[in-house]
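Every read-out reported here was derived from the displayed coordinates using simple, explicitly stated rules and does not represent laboratory data. All values derive from a computational prediction rather than experimental measurement. Because the Cβ atoms are built from the backbone with ideal geometry, glycine has one as well, and the counts that use them run over all protein chains shown.
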Amino acid sequence: MVSTNTQDGLLTSKSVQRGLILCLSVIAMMSLLHHNAQSGTSFFSQLQQKMNFGVCRSFSPSNYTRDYNVEEDPKLAEFLTWRLVDHPYETDMRAKKLTTRAEIIQESRRVLINLLTDLIGPIQNVMLLEIATYSNKGDPAIAAGEVMLLREMNKTIVYYCETHSCNKNKNMLLEKSISDNFTKDNLVILMQGGGNVIGYQNLDQIRSLIMDRYPEHRKILLSQSIWLNKNSNSSLKSARIIYNNRTNLTMFLRDRQSLGIAKRNFQGVKLILAPDMAFGLGALSRQMPPMYDIIWLRRKDEESAKYAMPKVQTNVSIHVSDWLDEWSSNVGTRDMETSFLIAFSGINFLQRGRVVVTDRLHGHILSTLLNIPHVLIDNPPFYKLSSFHQSWTYSLSISVLINNGTNALDAAIKLLSIYDRVLPPVGPIDMNRFTKI
């Protein structure tokens, strides 16, 4: 649940009492809504099922004192003892069953640390190559999450480079001068996660040159989606050459669809299902009041599902835009600083809404970190969001998965109603006068 006076820890007794009252009200309201809903509107039943369990559980006093690393289910209790590198395709066994934001964040970070602890081992030093400084806020959020997770693991980043500068002569000379101080047994090469294997051939080529420089080192390509489109045949052939038979390479895939594509096309490389690296940022708190009832993050590039926008009610303030080119970010004095600034610009973008509608994956992930109720619109034929959602956030009580714009707006309005008592109000209040589509 979203609350301005709580974090994912202890609630005050008054908050718990209010939450339990709200819980009972929500169940009653959702039952009525579901009864009156038209038969073709599937999200009502989805919301009701999630709210009946998720809202009550979120406001249960025991939920704020329980140990998320303890499980009553014997199978999940055993799962918590696993070295996940020995079970590379079963890492999502627990996450998909968790309902609260706190549980999902903690489980995602636990899975990543479990995997990286074994893959990096006792080696202290890593290089983090091809971090993002471009304006798609999700990729810099991945880089920021990677840095924070490595810091928690007490690993030292001895060198990093921005995606498009990694293979410039000046940077390669600096990289070599640093790497020469380490042997292959005390330096691990990490490459940025994202959604750009195969579908963005230039980035595969950048990684090819990086991997060729370190044939004997342990290399980890952090959590990726594989994006196949109508023009992917040539880049798929190229990717097979680049990634096949890299015995020292481990590739994290962040959804089962991508994992399946990788298993069919990449041989001689270790493949592991893993959450997105942006979860490394951990739980985030709102730092500003919302400006609108609904922030609608709508992508306009070739990965968009091109859905039609619905007619908006006059009593709901809504702002629709994309954060790629329509939401500027500050530039730092170094690439790493710029990456963090862009990531947190994306976080500020989302905070402007009491609730969020998004067809971008990191709109979903960052809204989860911020505890903002949100609606996901899937993007067929790529199904990038639903594939990720199915493994890592399937039961998350503050999110709803939808397949078109009209149902998304209806679901967002329902979320506003359900969470009205615990969401911060729009401020300044005169923002309610403006609607932009």
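Segment TYR134..LYS270, full-extension length gain: 46.1 nm, with 0.36 nm per residue of separation and the alpha-carbon distance subtracted.
Computed from the C-beta positions of ARG240 and SER417, the FRET efficiency with R₀ = 41 Å rounds to 0.25. Rounded to the nearest whole Hz, the Karplus-based 3J(HN,Hα) values (6.51 cos²θ - 1.76 cosθ + 1.60, θ = phi - 60°) of region 221-238 follow the sequence 8, 6, 3, 10, 9, 9, 10, 9, 9, 5, 9, 8, 4, 5, 6, 5, 4, 5, with x at glycine and proline. Taking Cβ atoms as reference points and 10 Å as the exclusive limit, the residues near HIS217 contribute a net charge of +2, counting Lys and Arg as +1 and Asp and Glu as -1. P(r) for region 247-337, from all Cα pairs and a bin width of 5 Å, is 2, 9, 10, 12, 16, 16, 14, 11, 6, 3, 1, 0 %, short bins first. Shown here for region 253-316: trypsin sites (Lys or Arg not before Pro) in loop regions (DSSP other than H, G, I, E, B) with at most 11 other Cβ atoms within 10 Å, namely LYS306, LYS311.
Summary of packing: across the peptides 114-121, 143-150, 168-175, the per-residue average of other C-beta atoms within 10 Å ranks them, highest first, as 143-150, 114-121, 168-175. Given their separation in residues at 0.36 nm each and the Cα-Cα distance between them, ILE178 and MET309 gain 42.0 nm when the chain is fully extended.
With a simple spin-label model that places each label point 7 Å from the Cα along the Cα-to-Cβ direction, the separation between ASP86 and ASN154 comes to 2.4 nm.
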